[in-house]
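Just below is one structure, and these are the notes that go with it.
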Amino acid sequence: MNKKNSIDVCLSPELLHLYSLENTIVVVADILRATSCMVTALASGAKSIIPVKSIEECLAMKQQGYLIAAERDGKKVEGFDLGNSPFSYMDKQLQGKTIALTTTNGTQAIKLSENAQEVLVGAFLNLETLCRYLETQTHDILLVCAAWKGKVNLEDTLFAGAVVEKLEKKFTIANDSALMAKMLYQQSKNNLLATIEQCSHVQRLKKLGIEKDIEFCLQHNLYQILPKMQNGWLVASDFSQLSA
C-alpha cells in the first residue's frame, strides 16, 4: 500500500521555520481579508497580483504602471489605489490589470513561503476548488495561516481546519495543529460567523465599520479559481483545465 502524503497546519508565519518547505505545497490563508481579496480580484478578471512586503516597495511600483494596493492595521494606506476590502476588487476597471499588493499579514506569509514546491492562495471563497486540486497532488501539504502580526488567530485556523477535514481521507494528518484546526472547524462550521464574533481581528474590523466584509469572506465556494504563484506573481489557474 502506498504511503499517504501528509497535511499539516502552521498556525503562524513565526513558526514557519519549524516546517520543511521542500517538496511541499503551501497554501497561504489570510481570511480577513488579504487572500479573500486576492481570490476575488482574480475571479473578477484581474490579470495578476504581485505580493509585496513593504509599503515603500509597493508605492514605487506605481511608476511601473501597476495598480497599487496597501493595508496596514485593517486600513487602506493613504495614496494607494486600493485597500483590503474584497468589494473594491470587484470593479470592472481592474479587469486585465496587474495589482501590486502589500498587507499587514497575508503578503508577508506568501513571501516567506516562496521556497515551497508550489504556493497557492486559499479562502473560504474558493475552498472547494482548492481542495479538488489538492486531492490530486502527490506532495505534502502545509496550510500557512497568516495570523495577526505573528500571533495565532481564529479565522485562519478555522479555514485550515476546513481544508484538513476535506482532505483527511487522502492525506495523513501530520501534527496536532492540523488536528486542532480540524476539530475547531467541525465544532463551528454550522455558524462560522457566530464563532468568530469575539475574535480580535473581527473586533478591529467592526471598529472600522466594515462588518459586510466579514460576512462576505466567510462565504463558501463563491469562486472556481485557484490563485497560484508563478515567478513571483499570483495568477488564476483555470479550474476547468486543472480538473480535466
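The values are calculated or read from the model by the stated rules, or taken from the named source; none is laboratory data. Note that the coordinates shown come from a computational prediction; the quantities given were computed from them, not determined experimentally. Backbone-built Cβ (ideal geometry, glycine too); neighbour counts: all protein chains shown.
Within segment 129-149, does at least one residue satisfy the condition of being modelled with pLDDT of 95 or more, over 23 Å from residue 230 (Cβ atoms), surrounded by fewer than 24 Cβ atoms within 10 Å (Cβ to Cβ) and small (Gly, Ala, Ser)? For segment 129-149, residues modelled with pLDDT of 95 or more, over 23 Å from residue 230 (Cβ atoms), surrounded by fewer than 24 Cβ atoms within 10 Å (Cβ to Cβ) and small (Gly, Ala, Ser): absent. Apart from one condition, residue 201 fits all of (1) more than 27 Å from residue 140 (Cβ to Cβ); (2) surrounded by fewer than 19 Cβ atoms within 10 Å (Cβ to Cβ); (3) within 18 Å of the chain's Cα centre (by Cα); (4) not basic (Lys, Arg); the exception is (2). Out of 157, 172, report the one residue that is touching a helix residue (DSSP H, G or I) at 6+ places or on another chain (Cβ under 8 Å), touching a residue at least 40 places away in the same chain (Cβ under 8 Å) and among the hydroxyl-bearing types (Ser, Thr, Tyr). None of the others qualify; the one that does is 157. Quick one: in segment 1-32, of everything that is within 30 Å of residue 92 (Cβ to Cβ) and touching a helix residue (DSSP H, G or I) at 6+ places or on another chain (Cβ under 6 Å), which residue is surrounded by the fewest Cβ atoms within 10 Å (Cβ to Cβ)? Of everything passing the filter in segment 1-32, 31 is surrounded by the fewest Cβ atoms within 10 Å (Cβ to Cβ). Pull up segment 207-216, narrow it to residues that are farther than 15 Å from residue 153 by Cβ and assigned to a helix (DSSP H, G or I), then point me to the one that is farthest from the chain's Cα centre (by Cα). Top of the filtered list is 207.
Selection of first residues in segment 55-78 that are farther than 17 Å from residue 146 by Cβ and of second residues that are among the aromatic types (Phe, Trp, Tyr), restricted to Cβ pairs under 6 Å at least 6 apart or on distinct chains, gives the following pairs, ordered by first then second residue: 68/80. Could you check, for segment 177-194, whether at least one of its residues is in a loop (DSSP other than H, G, I, E, B) and either surrounded by fewer than 16 Cβ atoms within 10 Å (Cβ to Cβ) or of a type outside the set (A, V, I, L, M, F, W, C) (or both)? No. Within segment 56-75, being touching a strand residue (DSSP E or B) at 6+ places or on another chain (Cβ under 9 Å), under 20 Å from residue 201 (Cβ atoms) and surrounded by fewer than 17 Cβ atoms within 10 Å (Cβ to Cβ) holds for one residue alone: 72. Residues in segment 82-97 that are buried (at least 19 other Cβ atoms within 10 Å of the Cβ) and not hydrophobic (A, V, I, L, M, F, W, C): 5 in all. Checked against the criterion of being under 27 Å from residue 49 (Cβ atoms), touching a strand residue (DSSP E or B) at 6+ places or on another chain (Cβ under 6 Å) and either without any contact (Cβ under 8 Å) to a residue 24 or more places away in the chain or not charged (D, E, K, R) (or both), segment 176-189 has at least one qualifying residue.
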